[in-house]
Amino acid sequence: MKSLHWVYSLYYDGFVNMRVGKTLWLLIAFKLFIMFAVMKWLFFPNIMQENFQTDQERSNYILEQLTKDN
Amino acid sequence: MEHTDLLVDYSRAQFALTALYHWIFVPLTLGLTFIIAIMETIYVKTLDEKWKTITKYWMGLLAINFAIGLATGIIMEFEFGTNWSNYSWIVGDIFGAPLAIEGLMAFFMESTFFAVMFFGWDKVSKRAHLTSTWLVAIGSNLSALWILIANGWMQHPVGMKFNPDSARNEMENFAAVVFNPNAVSKFLHTISSGYVLASLFVISISAWYLLKKRDVAFAKKSIVVAASFGLITSILMLTTGDESAHQVALNQPMKLAAMEGLYKGEERAGIVAFGLLESEKEINDDLDPFKFMFEIPGALSFLGYHDINAFVPGIDDLILGNEKHNIISVKEKMIIGKKAVQALSDYKKFKKEGNTLAMNEALKTFRATSHYMGYGYLKKPEGALPDVALTFYSFHIMVAAGSWFLVLFILILYFSMKNELTNKKWLLRLGVITLPLGYAAQECGWIVAEVGRQPWAIQDLLPVGMATSNVGSTSVMITFWLFAILFTALLIAEVKIMLKQISIGPEGH
């Protein structure tokens, strides 16, 4: 319990006493929001996860791609 | 939807853009953490509060760089899943292990010891704090190790076997992947270049303070640590660069030929010290590859094969073949590659039909030919040639810049020891303006590594055209420009915050 409190106060005091850090954290939050909530969601689906249900289907698809001109 | 050249080009451009931006932030973190650890060690040894101020100041700039660069690498993970899904599936097992270790290591090291390093000055003992700082330095470098093992495998795939049932490369020998000579030399060369960049960063800012005649004691102390660290790591960088070139010669001879603009292979091949390429030059024509050049005889043979008389194959030899030196042509490799693709197709067909005998026969043919499988997808032999001009100029800018950094570190240390540095305004100015050159050299290094190995996503096994996903090129184009805007904004933010902190200086920090 004592060590948990120590860890908590390490982070809490660290964040509270930050000067430049606050601007940086705002930038980080903005960046992560754009990356995960906008870009990942809108533009970056995981093709193999979304288009296929099983690993067997994924394997078959890739084999098809690798041999389609033969 | 069919693969188009536009899709492949934009997928590559997007990945290159994110990788190059990501690499603006990473090398500084790799090196600056060690410089800070050295400065803090001096503080703990001497208990001189000035060293604590110095350490905390550079730690502040590290925090800015770290915060802005944080998660820029994650975008590459997005791209693997969306634009490079074929590739991700095919390499999954090989990439999975190193990247998972990297993720865990980065998370635990960075969340734990970074917090102690930044927030723990008054919370833990001096020695515990110093230990955390060193662990941050070591941890961030170990993170890079796993990424570069994955990259090294793409350049020289070892320790795996392609499974024709799952269509994946499966790891057979973890040690072979980890101790892949290409990965080891790449790791050492990359981190040492990061150390050099961090040294230039500290020198550049300290030199600016000295030119402005402010925070002089702080700047003089910082610059000596940085120049000493830079000198030692420059030597490491040059040595590991030599080993990297040796590995390229052994495993990626086309890249070496492109790096030197060498078309006709020769014994006692020279290194071009400087030169201008002939833009009209084509494979196997009579044009001189250079408008003008100055070369150091025998140096390329020595660099590539550690033998001044060794034969270094040129682009013509590698494309058209050279019987005397036992080099088979790309055309022949394409025939072997097509056999491998056909055998894979047959294996799939016979498996479906339940014809075990024919299936095993097809597998045997596949195993005998799969080392050139990637060539089976090339449309013409010239497709095996990377962009010679981009590779050549990037390589020569990197080497020239790296050589200059060594001279700069020596000059700064020399005049620092004579206590004359503050009077040498020309040298201080050179110190300030060399920093952008340091970043340019970093990016050039990656261009050599990645453009030079084209057309391969996995050397000889998978060309980039087969590695991309069947997605719309429009969406890749949109995200390319979104990234360009986002990253440029982040870069401007970093530079502005960084410049503000530099202008405030160590006393007001």
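What follows draws every value from the coordinates through simple rules; no lab data is involved. The model shown is predicted, which means the values in this text are computed figures rather than measured ones. Neighbour counts run over all protein chains shown; Cβ positions are idealised from the backbone, glycine included.
At-a-glance table
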| quantity | calculated |
| --- | --- |
| On Cα atoms only, tilt of B:181-211 relative to the major axis of chain B in degrees | 30 degrees |
| Extension reserve of the residue B:276-residue B:50 stretch, reckoned as 0.36 nm per residue once the Cα distance is removed | 76.4 nm |
| Estimated distance in nm for a label pair at residue B:307 and residue B:138, the labels positioned 7 Å out from Cα along Cα-to-Cβ | 4.1 nm |
| Burial ranking of peptide ranges B:157-164, B:344-351, B:370-377, B:499-506 (average Cβ count within 10 Å, highest at the top) | B:370-377, B:344-351, B:157-164, B:499-506 |
| Three principal axis lengths of chain B [C-alpha, angstrom, descending] | 78, 51, 41 |
| Sequence-separation-based contact order of chain B, relative, with Cα cut under 8 Å and 6+ spacing, percent | 20 percent |
| Inter-centroid distance (Cα atoms) of region B:27-102 relative to region B:110-166, Å | 8 Å |
| Packing rank of A:20-30, B:114-124, B:448-458, where each peptide gets the mean count of other beta carbons within 10 Å, highest leading | B:448-458, B:114-124, A:20-30 |
| At R0 = 56 Å, FRET efficiency that the Cβ-Cβ distance of residue B:353 and residue A:12 yields, to 0.05 | 0.25 |
| Acute angle (nearest 10 degrees) that the helix B:49-69 long axis makes with the longest principal axis of chain B, alpha-carbon atoms | 30 degrees |
| Equivalent ellipsoid dimensions for region A:2-67 as semi-axes, Å, which come from the Cα gyration tensor, largest first | 44, 18, 8 |
| Convex hull volume per residue in cubic angstrom - Cα atoms of the protein assembly as shown | 171 Å³ |
| Normalised contact order of region B:84-156, rounded percent, pairs of Cα under 8 Å and 6 or more residues apart | 43 percent |
| Cα-Cα over 24 Å, subset of B:186/B:221; A:68/B:339; B:331/B:352; B:264/B:380; B:186/B:324; B:126/B:500 | B:186/B:221; B:331/B:352; B:186/B:324; B:126/B:500 |
| Lysines with Cα under 19 Å of residue A:40, excluding same-chain neighbours fewer than 8 positions away | A:31 |
| Average beta-carbon neighbours from other chains, 10 Å sphere, peptide B:166-176 | 2 |
| 10 Å Cβ neighbours from other chains, averaged over peptide A:53-60 | 3 |
